[in-house]
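The values are calculated or read from the model by the stated rules, or taken from the named source; none is laboratory data. Note that the coordinates shown come from a computational prediction; the quantities given were computed from them, not determined experimentally. Virtual Cβ from ideal backbone geometry, glycine too; neighbours counted across all protein chains shown. Ligands, DNA and RNA are stripped out before the accessible areas are found, and what is left, the full protein with its side chains, is counted by its heavy atoms. Shrake-Rupley method; radii C 1.70, N 1.55, O 1.52, S 1.80 Å.
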Amino acid sequence: MSMSWLRRLLRHRRTRLGFGLVGALALVAALAPVLTPYDPTTQLDLATGQLLSPSVRHPFGTDFFSRDLLSRVLFGGRISLAVAFLSVFLSVTIGTVVGWVAGMAGGILESITMRLVDAALAIPRIFLLLVVLALWSDLGVMALILILGLTSWFGTSRLVRAEVLSLKEREFVVAARALGIGRLRMFARHVLPNVAGPIIVTATLGMGHMILIEAGISFLGVGIQPPTPSWGNIIREGQELLAAAPWISIFPGIAIVVTVIGFSLIGDGLRDTLDPRAQ
């Protein structure tokens, strides 16, 4: 994969827009301690500071507990983006390894592995997550990342396994086996570079999907628990105040929409750029 793919990628106007949206959100989330003068969990003034509308002092207003909403949205972005990135990284890593092992091994091991993956894919994912999170309540962020990552790798394993089945019959892989190159070295030098494109596209699109899942389960009360902010639980806190204080739900909702659109645009650009038919 040469550097020309990067130039082709950046020629996509929608892809540049996606990188701009995601990059801007990631930057302001990373700089949240510098950009916000308030702690996201501090109740500033319960007597006079509840449900203040957006103003110069509080650009996003305040919530029912007089907490600055801009601080909560930015710090919540750090949590939501970190959970999405780490869980996607974990799921892609596990899926790649399982798919490679199944594709290279073949035979009974491949059949058993893929049937287990098919069975896992048949279970509605949100139902599985709700059951697991309901059984182990009050989980921390790292536990949530593990649960999301460990329940998200099934599709990636099928994709990698299909690519490996195709690649291992190619001449350069057959020649590498004939030369006695070990499987790990073959995977690193011959297989992984050829399946990297689909994996990157899957991971990028998976980021937006994971943002929605984390927001959804936090909105339902089984994800990130208050007072730790995440976009999902901020929306949950504002659902009963939509008439009196709509900004509590609107601003984190906009952040979710913009982030998901950004990752979708990047994923579309990567898919077009890394498609061999586009070379």
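Residues checked against (1) modelled with pLDDT under 90; (2) closer than 25 Å to Gly238 by Cα; (3) open to solvent by less than 50 Å² (accessible area, probe 1.4 Å):
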{"site": "Arg67", "(1), (2), (3)": "no, yes, yes"}
{"site": "Gly76", "(1), (2), (3)": "no, yes, yes"}
{"site": "Ala82", "(1), (2), (3)": "no, yes, yes"}
{"site": "Leu86", "(1), (2), (3)": "no, no, no"}
{"site": "Thr93", "(1), (2), (3)": "no, no, no"}
{"site": "Met104", "(1), (2), (3)": "yes, no, yes"}
{"site": "Ala122", "(1), (2), (3)": "yes, no, no"}
{"site": "Leu133", "(1), (2), (3)": "yes, yes, yes"}
{"site": "Leu139", "(1), (2), (3)": "yes, yes, no"}
Can you work out which of the residues in segment 31-65 that are open to solvent by 60 Å² or more (accessible area, probe 1.4 Å) and not in a loop (DSSP other than H, G, I, E, B) is nearest to Val83 (Cα to Cα)? Pro33
Those residues of segment 96-129 that are more than 23 Å from Gly197 (Cα to Cα) and among the β-branched types (Val, Ile, Thr) come to a total of 5
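Taking the stated definitions as given, is Leu179 open to solvent by 60 Å² or more (accessible area, probe 1.4 Å), at pLDDT 85 or above and out of contact with any Pro (no Cβ under 9 Å at 6 or more places or on another chain)?
Details: open to solvent by 60 Å² or more (accessible area, probe 1.4 Å): yes; at pLDDT 85 or above: no; out of contact with any Pro (no Cβ under 9 Å at 6 or more places or on another chain): yes.
Taking the combined requirement at face value, the residue does not satisfy it.
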Just checking, how many residues over segment 236-279 are more than 14 Å from Thr204 (Cβ to Cβ), assigned to a helix (DSSP H, G or I) and modelled with pLDDT under 85? 3
Give segment 148-200 a look and list any residue that's without any contact (Cβ under 8 Å) to a residue 60 or more places away in the chain, not in a helix (DSSP H, G or I) and not β-branched (Val, Ile, Thr), or say none. Glu169, Arg170, Leu179, Gly180, Gly182
